[in-house]
Every structure is written in C-alpha cells, then in structure tokens.
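Enquirer: One structure is given below, represented as structure tokens, and several questions about it will come after.
The values are calculated or read from the model by the stated rules, or taken from the named source; none is laboratory data. Bear in mind that the values here come from a model prediction, so they are computed numbers and not experimental data. Ideal geometry is used to build each Cβ from the backbone, glycine not excepted, and the neighbour counts take in all protein chains shown.
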Amino acid sequence: MKKKRGEINHNREKILKELKKNLRGFTVSELSKKLGISRHIVANCFAFLEGAKKVKIRQTGMAKIYFWSGKLKLKFLH
C-alpha cells in the first residue's frame, strides 16, 4: 500500500507543478498526454485536488479545464 500511496502523491505533485506553470490550464486528456499518466489517474487526482480547493474548473463546451487556484510567485526581471 505504501508504494501505491507514494505513487499517488508523486502524480499529484507532478500535476500541480504543471498547473502552476501553465496559466491557461489543462483538460484531463492534455495533461495525461503531457505527463504520460493515464486519464483515469489524472481525473482522480483532479477530483481530489478539487475537493482540497487546490484547483478551479472552467467548463468549455464538453471539456473541463483545470487551473491552479493558489497564488503564484511571480519573478520580475530588473
């Protein structure tokens, strides 16, 4: 069970990292292809993250687009 739980946390971290990098958000299919993770796993992680208020969702037609809901640290060039 520990391996599976560790794998789930690793997938969530990868998904959050990508969401923070891409302000336009991702659909389940887009992120699945980008990370090489099954759509089922991505969808489950999104459901968990939605419940934890870590992501926001925008419905566009039939697609749901998931966005990071936290604050981003912006780096400014001087």
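Enquirer: Would you check which residues across segment 33-56 are under 10 Å from the mean Cα position of the chain (by Cα) and of a type in the set (A, V, I, L, M) and list them?
Expert: Once the filter is applied, which keeps residues that are under 10 Å from the mean Cα position of the chain (by Cα) and of a type in the set (A, V, I, L, M), segment 33-56 yields 42, 43, 47, 49, 55.
Enquirer: So, one more: From (1) over 16 Å from residue 68 (Cα atoms); (2) assigned to a helix (DSSP H, G or I); (3) in contact (Cβ under 8 Å) with a residue 24 or more places away in the chain, pick out the condition that doesn't hold for residue 45.
Expert: Every condition holds for residue 45 apart from (1).
Enquirer: Also, I was wondering about something else. Looking only at segment 19-34, how many residues end up being at pLDDT below 95 and not in a loop (DSSP other than H, G, I, E, B)?
Expert: Counting residues in segment 19-34 that are at pLDDT below 95 and not in a loop (DSSP other than H, G, I, E, B) gives 3.
Enquirer: Let me ask something else. Limited to segment 4-37, what total is found for residues that are acidic (Asp, Glu), surrounded by fewer than 14 Cβ atoms within 10 Å (Cβ to Cβ) and either over 19 Å from residue 56 (Cβ atoms) or touching a residue at least 12 places away in the same chain (Cβ under 8 Å) (or both)?
Expert: Selection size over segment 4-37: 1.
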